[in-house]
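To start, the structure itself, in structure tokens.
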Amino acid sequence: MAVTSKTKIQVWGESAARCAHCREQLIYSEDAGLHESLVGEVCHIFAQGEKGPRANPNMPQHELDSPKNLLLLCRKHHKYVDDHPELFSVERLAEIKLNHLIWVGRQLSVAKSWSCNLATLHYLNIPRLTILSAMSGEMVSYDIDTSKGLYCLGAKLLGVMNAYQRLLENMHPKVSDMPDFKEPTDDQIGLIFKFNDRFRTKNAPWPDRTADYSDFLTGNIDQDPHIYKTFGDCKLTMVIDPRWITTTTAFSEFIPSAGHNKFSGLAMVKSIDQEAGVVTATPLVIGIPKSPLQSIFEMEVSDLPRAMES
Ligand SMILES: [Zn+2]
């Protein structure tokens, strides 16, 4: 038996996608637009096999492969830990894991729980939302082929959007308000924040259902689709990967004739270049907020008299 993908997602989620030993971010990209690589590995505390480091022949396989016996490490530390069992005993690894989970909890405690108030989902970063949902204790897995992009799913798209709408409304992830990025600091890297603001839009493509958007991004911000907003001398940039744009309407929202539009959603700070004054964030979900009128339409008829009184 091996570690199941559900267990792996759970371990990635509870560790907030960071190495338990050095806290390095494990969703990695060197260029603003390029697809990220997962550079973390789920590592056994008691070894998986009888010959591995820290073996425990008395532990049944299902316990060896359970989240309790696993921790998330970067590739470097996974190798180092397994090469030096004399330095990294079972007790030491359990301590490293516990300290990391306490650290993650502390980071999240300053954040507030986010209630999804989006009427229309224009952008769903499926891999990122999978990890976010695991961090919030909700599990979601998708058995759809998203390699070419959501827009290319055709008739299946509506079901996917409904599933993610429900997920977002149920998961209440812990997030921060959008910081004032006038003077960004390195400890903001990894921060997940909500936004509901006007952004300028650039380079967004026209919708094409026959297109394969998997190789669309170049890593060059002069060419790649993005939305941005300035804070004093600093600029917040979010690259829009066309794979995660949902509908024809959504594409058009990223090509407004005015050159700017109001967007609402969640994003994660990916990198900060203080010299250039650029903060790059990865959007997780983007949509249009529900209007107060709309929530009245969605109420049950029995709720109406109460709503009208208040
Ligand atoms: Zn590490």
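Quick one: in the stretch 31-45, which of the residues that are modelled with pLDDT under 90 and within 16 Å of the ligand (Cβ to nearest atom) is surrounded by the most Cβ atoms within 10 Å (Cβ to Cβ)? Across the stretch 31-45, the extreme among qualifying residues is 39. Could you go through the stretch 236-246 and let me know if any residue there is under 23 Å from residue 134 (Cβ atoms), touching a helix residue (DSSP H, G or I) at 6+ places or on another chain (Cβ under 6 Å) and of a type outside the set (Phe, Trp, Tyr). Looking through the stretch 236-246, at least one residue is under 23 Å from residue 134 (Cβ atoms), touching a helix residue (DSSP H, G or I) at 6+ places or on another chain (Cβ under 6 Å) and of a type outside the set (Phe, Trp, Tyr). Please determine whether any residue of the stretch 92-107 is away from the ligand (no atom under 16 Å from the Cβ), more than 24 Å from residue 271 (Cβ to Cβ) and under 20 Å from the mean Cα position of the chain (by Cα). For the stretch 92-107, residues away from the ligand (no atom under 16 Å from the Cβ), more than 24 Å from residue 271 (Cβ to Cβ) and under 20 Å from the mean Cα position of the chain (by Cα): present. Please indicate, with yes or no, whether at least one residue in the stretch 130-153 is on the phi > 0 side of the Ramachandran plot, in the same structural domain as residue 253 (by TED's automatic domain parsing) and touching a strand residue (DSSP E or B) at 6+ places or on another chain (Cβ under 6 Å). Checked the stretch 130-153: no residue is on the phi > 0 side of the Ramachandran plot, in the same structural domain as residue 253 (by TED's automatic domain parsing) and touching a strand residue (DSSP E or B) at 6+ places or on another chain (Cβ under 6 Å). When the stretch 1-17 is filtered for residues that are within 14 Å of the ligand (Cβ to nearest atom) and either modelled with pLDDT under 90 or surrounded by fewer than 16 Cβ atoms within 10 Å (Cβ to Cβ) (or both), the ones remaining, listed by number, are 16, 17.
Of the numbered criteria (1) modelled with pLDDT under 90; (2) buried (at least 18 other Cβ atoms within 10 Å of the Cβ), the one residue 28 fails is (2). Taken over the stretch 235-262, the residue count meeting the criterion of being surrounded by fewer than 16 Cβ atoms within 10 Å (Cβ to Cβ) and in contact with an Asp or Glu (Cβ under 8 Å, 6 or more places away or on another chain) is 1.
The number of residues in the stretch 270-284 that are in a strand (DSSP E or B) and either crowded, with 23+ Cβ neighbours inside 10 Å or at positive phi (or both) comes to 5. Among residues of the stretch 88-121 being charged (D, E, K, R) and in contact (Cβ under 8 Å) with a residue 12 or more places away in the chain, the one that is nearest to residue 197 (Cα to Cα) is 112.
The values are calculated or read from the model by the stated rules, or taken from the named source; none is laboratory data. What you are looking at is a predicted structure, and each value in this text was computed from that prediction instead of being measured. No Cβ is skipped: glycine too gets one built from the backbone with ideal geometry, and neighbour counts run over all protein chains shown.
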